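Following: one structure in structure tokens, then a few remarks.
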Amino acid sequence: MSRALGRAVLPALVAGAAALAARHLLSTVTVRGGSMTPTLHPGDVLLVLRHRRRARPGRIVVVQRPDRHAGWRGPAAPSGGAGWYVKRVVAAPGDPVPAWVAGDLPGRVPPGMLVLRGDHPRSEDSKQWGLCPADRMYGVVLMRLRTGGRVG
């Protein structure tokens, strides 16, 4: 291969590899409910970093929706089978468990679990469903890409 051809092909290969990596690591999610108002609104499009690393308190995450009968204690649904929740991490492993969390719980959040809460007071979250296994997390919201078309 000539040097000129190599200089032309290498950037294209690098760009292609970067695009594949970004496609695997990044995703978009559209907000479908009001549980995160006033922060997020229906129709907002979010850029999500897909991973299962530790989510810090204060970050907004996308997690698998809990089973209506067993909550997050039930078996995980097949990928995307149960739908998704957008919630804020309130406490992570080692943090104190807030008194409002449902269930008979230890004083600190155990490893591999998260306390989640929606920004709207009537949100369904750890108030009803207890601790969320961190392995049910789809990813962490990086930013809002587009608003849902609301005025103001």
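No lab work stands behind these numbers, since they all come straight from the coordinates. These numbers were taken from a predicted model, which means no experiment stands behind them. As a convention, Cβ positions derive from the backbone with ideal geometry for all residues, glycine included, and neighbour counts pool all protein chains shown.
Things worth noting here:
- Stretch gain in nm, segment Leu26-Arg73, where the contour uses 0.36 nm per residue and the Cα spacing is subtracted: 14.2 nm
- Ordering of 101-110, 126-135, 88-97 by packing [mean C-beta count within 10 Å, highest first]: 126-135, 88-97, 101-110
- Length added when fully stretched, Leu145-Val45, from 0.36 nm per residue minus Cα-Cα: 35.5 nm
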